[in-house]
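Okay, structure first, notes after.
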Amino acid sequence: MRYIAAKTADEAAGLLVDEPGLARILAGGTDLLVQLKSGLVEPDLVVDIKNIPGIRDVTPENGGFRIGAAVSAAELGEHKGVLALWPGVVEGVELIGSTQVQGRATMVGNLCNGSPAGDAVPGLVAANATVRITGPGGSRDCPVLDIPAGPGKTTLAKGEIITSVFLPARPENASDAYLRFIPRTEMDIGVASAGVSLELAADGAISAARVALGAVAPKVLLVADAATAIVGSKLEDGALAALAKACEAACNPIDDKRGTIEFRTRTAGVLARRAALIAYQRAGGSK
Amino acid sequence: MVKVLLWGTLRHATDGQAEVEVEARNFKELLDRLAVMYPGLEPQIRRGVSMALDGRIYREAWFTEIGPDSEVVLMPYMVGG
Amino acid sequence: MPLDTPKRKFKVVGTRPPRPDGLDKVTGRALYGADMTAPGMLTGRILRSPHAHARIKSIDTSAAEALAGVRAVITAADLPVLEDDFIRDIQDNCMARGKALYDGHAVAAVAATDAATARKALKLIKVDYEILPHVTDVDAAMKPGAPVVQKGRTLENVPAGMSENVTSHCEFGHGDLPSGFAKADKIIERSFRTAATHQGYIEPHACLASFTSDGKADLWCCTQGQFFVRTLCAQMMGMEASQLRVTSSEIGGGFGGKTTVFIEPVALALSRKSGRPVKIVMTRDEVFKATGPTVSSSMDIRIGMTRNGRITAGEAHLRYSGGAFPNATIEMGGQAAFAAYDLGAVRTFGWNILTNRPKEAAYRAPGAPMAIYAVESVVDELCQELGLDPLKVRLLNAARKGTKSSYGPTFDDIGLVATLEAATRHPHYTAPLGPNQGRGLSCGFWFNFGGNTCVSLNVNTDGTVGVTEGNPDIGGSRASISLMAAEELGIPYEKVRTFVADTASLGYNDVTDGSRVTFAVGLATIKAARAAIRNMCARAAKIWGIDEEAVEWIDGAACPAGPNAGKFPPMTLAEIAAVSAETGGPIAGHHEVNADGAGVSFGVHLVDVEVDPETGATKVLRYTVFQDAGKAVHPDYVEGQMQGGAVQGIGWALNEEYIYGDDGRLQNAGFLDYRVPVASDLPPIETVILEIPNPGHPYGVRGVGETPIVPPLAAIANAVSRAVGVRMTELPMSPPRLLKALLSKG
Amino acid sequence: MKSIHVTTTVNGEPAEFICTPDETLLDVLRNRLGLTGSKEGCGTGDCGACSVTVNGRLVCSCLVLGAEAEGAEITTIEGMASGEALHPLQRHFIESAALQCGICTPGILVAAKALLEQNPDPSDSEIRYWLAGNLCRCTGYDKIINAVKSAAAEMRSN
């Protein structure tokens, strides 16, 4: 195995393209080093992207924020601007691992690890965030939703690296929230999760919504029916029940050591309901 | 004579008796006599038995004296964590 | 005071001084198993079976041996075939012979110049397996026709016609069950299951072995018992015990799991073959796969009660599996199940069953927590059904002095009633509960043991004292032993330092188990101090020119005993020590004993929980532990045992379990999915220490380490069951399991 | 595997080492620099026994490559006391009996120090969540939380 700290994104992309063997990108390393330890992957090349200029910066852009791919969860959590604009995204990222893991783990790493249970991803999908990708063919932007391709897989081509995430501007009276279920209070992989982003009209009714679910299908789901269930409502009991039902209907989980199909399905609906209420309150809605 | 209380599993070796009488002044004599009187007990004695004497558990201690009025209970040899 | 009088008033025992190993442990200087190195050291690694059950047809190590940097490769063929079942099982668990009996069972090992080479070498070992059908569930393994894990291991006490996996049967109790049940107004019969759990010590097993060409060896390792390690390893190496010195490092947790060997014989064999020191450190994955979890269980309980709460009869059928090798844990479960109760009719029937899982190692009060969980759950349900206060019912039926115990002997002074009364008086018991909340309680019990113990106490010429003992310190025992030496000698705690000896420096000591160390090593320390005191009194008598009998020891000094002995100012320990060369040579005391009279221990735990009715998540809101310590020598570390044990029990009740796939492989061999409690899962654990002196110890000390893991399982299960209105009968009560029960309730 | 030469700062002092690309910072600290105070409990970031800070940020050293230490400032448990003088957390851990076997203690102390540097007056709950990545199997955490609180109180009053 070779270790190279790339100085530019283009250099990193070039190294990845040219590597005939197995190559891995190292940002926070909190997934990669676990895989190395277990012998699950034995890469020939590891490209550290943390020294690329700007890749650890958070920059305001068009009323939103561009967040470098190597910004750690702890650094993101300390950024007051992002926290105020997208609290649900930040709370998802802040749920990844322990305080120690927070010091290293990144949103983009969580996304590229390809786990359907990644805590950063549902919030990003609900936020309709995009990523910027540098690769052999130049630079392109892509919605977060389109990056995961199934457990452990992404749609990124060989040599492509994500350099940043863009969280867009949002109107007044809008907010988001993220909840996950784990057996303990910390240190677990989500058994089911939900990210909800809402915009409210002047009368307090929901004018737009995005509902994303994690750990209940091979990839994070964006559940259009769940959004439909609550648009136009003020989260009355009926709307919440319809939201939960739509979420349950969208679930396609597995039985495994962390949870059963039945448990994941039910819990996803419960979490979506609870997350919607939190987002609604954050957006200024009152019940 | 000393009355010795046996645990249930051992009764198959004593014709179903829960309590047997043995001539013994100490733990060693007691075990030796039991093995002679009830050969079916021998495998368990070999694997290990403890003795509770008037409520106090002895895991070994052959020469612990047994009085004629003592309460003697055989127990399996035990270990802790 | 005569030297054999029980002591009940103390000057230093019962205080809370800093522990002697504290500084090294807060600065990172303390040396644990993996911290030892030796010049020329090789790295050892172990190849493990990926199959739950497979015949090993052949092992080809030639490619590994040919790899540059590899200095030795061993398999079971490099170890002797042992006669004795007990030791052969331990050896076979360290290195499979003929068959791999569980996922993770060691099949070969290498020693190489570095870890990367060792890892590479493992991949070059070719093992030809014939995969066999496996069984990992205790009930499935008991069925006729189940895959047989090991043949020919059934004891004479098992009735004919059962599955060969059933290796032993036991029965305990007294009285007539049918007439007992006939007296009951209410009888409840229920079945329970508990999963295997791991001790979960944070330090993986580690050792460093160094064999020299003249057949001598040194072994450094993290263990609960260096002498037992020597006994086992010497036999497995075919060497005399005197030629093997075992030194225990600081130990990063054990809880029973480090009372045996796993990697030590392997490292010794590799060192002998390579001629170089060999270090083996387990990965966490190996710790879960190949070291001892506790038994898993399946149990049927039947208890009858009168409408005013008197238990009339209790019956338990316990089926335990401690993995692929026979063990006797079932016997302790069978004896402990009803120990808290004064019963006229009680019977427990136990079965041990082999499964394709790792060999059980002791875990804190082995065998007791699961049996008592099941019994205490049924008692709680009877209280609910009959509308009775669960504490009052425990008090009404509590074992006390003079009670014929459920396992035979009559109890002497015990503290169960005192702990129950303390719980009754505690504000926790009557605090209000909110919605979805429940309160549970449970009694707990452990036998406690004494055992083989040696202590050597040396009075230094500067007036300080060194105590050498043979039990690794897993919970602060050096502090409590120093306290007892200081108490007896009448000198300040700071003047005493306690050391843990290697196997060459003392006679045999049993392992640190059975909550024995503060009791047995304390007892031997007190006796050793008394021997030193006799010696010091004799020196003072000589100096004063009076009879030895005319000198007594008061507050750290020799004094003339009474006015007739003569008028001399007291001569302190330091003064006597300073002239020891002139008065007859060095002063020391020692004591060797196989200690008995440990004194059983009881505790009561009280817990409040809240269950999220939509997700089945349980939050522990409040937790109080009441326990009889006999005499709390260092109360901080008594509380520490009570708190730590309670939290291990909380983990066992709620989330910890060995999860097997259909392929018989362990699916959660890591701290990510083997979920031990983290700090944020827990409330403060309040402790109430009771002190009912143990008549078997000069200071009244009882072991305290194991009892606290016994009550939490039932206490939490009872609290959860009351919170959700469904009786939970399977551990852990993980959220999916609990939600399923909630949904089935409707 | 070609070795890498790394120049770094450990506990305020310049340090250099050679490591292979796949060695973790924990391996390097323990095996190359002789700093065995950081412990390996799991190697997967699940136990926190190997906690150190890298450029002031609390991390698991088992999840950092040694090569990443180039130019970084690393502090370990060995750098916590100032000469003879223990850090208040170290003192309170001894006084409050906040350790039993002690294997998790170095990691917990490093983590608790990082907490108090950013939050001098944490609540019980904040301490418990901050330390959730540091497993302790002996104590039940109770005395650890108390020791952190009493050390924080002493540090605030100075």
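Please report, largest first and rounded to whole Å, the three semi-axes of the ellipsoid equivalent to region A:62-190, where each semi-axis is the square root of five times an eigenvalue of the C-alpha gyration tensor.
21, 19, 13
What list of ³J(HN,Hα) couplings, whole Hz, do you get for region C:495-510 from phi and the Karplus terms 6.51, -1.76, 1.60, once you set θ to phi - 60° and write x for glycine and proline?
Per-residue couplings from phi come out as 7, 10, 10, 10, 10, 9, 7, 7, 6, 8, 9, 8, x, 5, 10, 5 Hz.
Within chain C, which is the longest segment that contains none of the GluC sites (Glu not before Pro) sitting in a DSSP loop with at most 15 other Cβ atoms within 10 Å? Mind dumping the intermediate values first?
Details: sites that count: C:83, C:156, C:240.
Looking at chain C, C:241-746 is the longest stretch - no exposed GluC sites (Glu not before Pro) with at most 15 other Cβ atoms within 10 Å.
Peptide D:89-99: average number of partner chain Cβ atoms within 10 Å per residue?
5
Taking the inverse of the average 1/r across all pairs of different Cα atoms in region A:133-277, what Kirkwood radius in Å do you get?
Every distinct Cα pair counted, the radius reaches 16.4 Å.
Taking loop as defined by DSSP and a crowding limit of 13 other beta carbons within 10 Å, which trypsin sites (Lys or Arg not before Pro) in region C:117-153 fit? Present the calculation step by step, with values, prior to reporting the outcome.
Values: sites: C:119, C:120, C:123, C:126, C:151, C:153; in loops: C:151, C:153.
Here the sparse-neighbourhood loop sites are C:151.
Quick one: work out Rg over Rh on the C-alpha atoms of region D:50-158, Rh as Kirkwood radius.
0.96
May I ask for the Kirkwood hydrodynamic radius of region D:28-90, worked out over all distinct Cα pairs and given in angstroms to one decimal?
It works out to 12.3 Å.
Could you give the spread of the C-alpha atoms of region C:263-316 along their three principal axes, from largest to smallest, in whole angstroms?
72, 20, 16
Please find the FRET efficiency linking residue B:77 to residue D:1, where r is the Cβ-Cβ separation and R0 is fixed at 56 Å, and quote it to the nearest 0.05.
On the way: r = 53 Å, r/R0 = 0.94.
Efficiency for this residue pair is about 0.60.
Looking at C:147, A:5, A:144, which one has the Cα that reaches farthest to the positive end of the dipole of the protein assembly as shown (charges on Cβ: Lys, Arg +1; Asp, Glu -1)?
A:144
Other chains' Cβ within 10 Å of D:45-58 residues: what's the mean? Before the final figure, lay out the partial values.
On the way: counts 15, 15, 11, 8, 3, 1, 4, 1, 2, 2, 1, 1, 8, 8.
Going residue by residue through D:45-58 and averaging, the value is 6.
In Å, what Rg and Dmax follow from the Cα atoms of region C:238-327?
Cα radius of gyration and Dmax of region C:238-327 are 21.8, 73 Å respectively.
Rounded to the nearest 0.05, what FRET efficiency do residue C:308 and residue B:17 give with R0 = 30 Å and r taken as the Cβ-Cβ distance? Could you check?
With R0 = 30 Å, the Cβ-Cβ based efficiency is 0.25.
I'd like to know how region C:385-427 sits against the 2.2 N^0.38 Å rule of thumb: what's its Cα Rg over that expected value?
Taking N as the residue count of region C:385-427, the ratio is 1.31.
When all C-alpha to C-alpha distances in region C:124-212 are sorted into bins of 10 Å, what percent of pairs does each bin hold, rounded to whole numbers?
Spelled out per bin, shortest first, that is 10, 21, 26, 26, 10, 4, 2, 0.
Using the C-alpha atoms of region C:226-276, what convex hull volume per residue, in cubic angstrom, is computed?
Looking at region C:226-276, the number lands at 85 Å³ per residue.
Could you work out the Rg to Rh ratio of region C:11-84, with Rh taken as the Kirkwood radius (inverse of the mean 1/r over all Cα pairs)? Let's see the in-between values first.
Working: Rg = 22.2 Å, Rh = 18.2 Å.
With Rh from the inverse mean 1/r over Cα pairs, Rg/Rh is 1.22.
For the pair residue C:431 and residue A:245, what calculated FRET efficiency results from E = 1/(1 + (r/R0)^6), where r is the Cβ-Cβ distance and R0 = 41 Å, to the nearest 0.05?
It comes to 0.55.
Based on the alpha-carbon gyration tensor of region C:20-147 and its eigenvalue square roots a ≥ b ≥ c, which shape applies: rounded if a/c is under 1.5, prolate if not and a/b is larger than b/c, or oblate? Walk me through the numbers before you get to the answer.
Numbers: a/c = 2.29, a/b = 1.37, b/c = 1.68.
Note, shape of region C:20-147 comes out oblate.
At 7 Å along the Cα-to-beta-carbon direction for both residue A:44 and residue B:65, put a label point, then send me their distance in nm to one decimal.
Taking the two extended label points, one gets 8.4 nm.
Could you work out how far apart the two model spin labels at residue B:45 and residue A:149 are, taking each label as a point 7 Å from the Cα in the direction of the beta carbon, and quote it in nm?
Distance between label points: 7.4 nm.
Given A:234/C:740; A:153/A:245; C:495/C:631; A:80/C:619; C:126/C:151, which pairs have Cα atoms separated by over 25 Å? Mind dumping the intermediate values first?
On the way: A:234/C:740 31 Å; A:153/A:245 29 Å; C:495/C:631 22 Å; A:80/C:619 31 Å; C:126/C:151 27 Å.
Table pairs above 25 Å Cα-Cα are A:234/C:740; A:153/A:245; A:80/C:619; C:126/C:151.
Evaluate the distance, in nm, between pseudo-label points positioned 7 Å from the Cα of residue C:662 and of residue D:154 along their respective Cα→Cβ axes.
The modelled label-to-label distance comes out at 5.9 nm.
Take the alpha carbon atoms of region C:595-621, find their center, do the same for region C:300-324, and report the distance between the two centers in whole angstrom.
For region C:595-621 versus region C:300-324, the Cα centre distance is 19 Å.
For region C:105-138 and region A:23-81, what is the separation of their Cα centres, given in Å?
Cα centres, region C:105-138 to region A:23-81: 35 Å.
Across all directions of projection, what mean area in square nanometres is found for the Cα convex hull of region C:180-330?
12.1 nm²
In region D:4-79, what percentage of the DSSP-assigned beta bridges are antiparallel, given to the nearest 5?
Counting only bridges with both partners in region D:4-79, antiparallel ones make up about 90 percent.
In a solvent-free Debye calculation with one equal scatterer on each Cα, what is log10 I(q)/I(0) for region C:559-659 at q = 0.11, 0.12, 0.22 Å⁻¹, listed in the order of the q values?
-0.68, -0.73, -1.19
Just for the Cα atoms in chain A, what are the lengths along the principal axes, largest first, rounded to whole Å?
57, 43, 33
Can you compute the radius of gyration and Dmax for the protein assembly as shown, using only the Cα atoms, both in Å?
31.7, 107
Partner chain Cβ atoms within 10 Å, averaged over the residues of C:634-645 - can you pull that number for me? Working shown, then result.
Values: counts 1, 1, 6, 5, 0, 5, 9, 4, 2, 7, 10, 2.
Averaged over the peptide's residues, the number is 4.
Write down the Kirkwood hydrodynamic radius of chain C, to one decimal in angstroms, obtained as one divided by the mean of 1/r over all alpha carbon pairs. Could the numbers behind the result be given before it?
Working: mean 1/r = 0.0366 Å⁻¹.
27.3 Å is the Kirkwood radius here.
Which is the longest part of chain A that has none of the GluC sites (Glu not before Pro) sitting in a DSSP loop with at most 16 other Cβ atoms within 10 Å?
Looking at chain A, A:79-171 is the longest stretch - no exposed GluC sites (Glu not before Pro) with at most 16 other Cβ atoms within 10 Å.
What share of Cα pairs, in percent, lie more than 16 angstrom apart in region C:633-697?
In whole percent, the share of Cα-Cα pairs in region C:633-697 beyond 16 Å is 61.
Could you give the alpha-carbon Rg of region C:343-388 over 2.2 N^0.38 Å, rounded to two decimals?
Against the compact-globule rule of thumb, the ratio is 1.59.
In bins 10 Å wide, starting from 0, what share of all Cα pairs of region A:1-111 does each bin hold, as a percent?
In order of increasing distance, the bins hold 14, 41, 31, 12, 1 percent.
Dividing the Cα radius of gyration by the Kirkwood radius, what Rg/Rh value follows for region A:242-287?
My calculation puts Rg/Rh at 1.12.
Scan around residue C:292 for amide H atoms under 5 Å from its own, H built in the peptide plane at 1.01 Å from N, and keep only partners 5 or more places away or cross-chain.
Amide H neighbours of residue C:292: C:361.
Over the Cα atoms of region A:47-118, compute the convex hull volume and normalise it per residue, giving Å³.
With only Cα atoms used, region A:47-118 gives 97 Å³ per residue.
No lab work stands behind these numbers, since they all come straight from the coordinates. Remember, predicted model here, so these are calculated numbers, not experimental data. Positions of Cβ are generated from backbone atoms using ideal geometry, with glycine treated the same way; all protein chains shown enter the neighbour counts.
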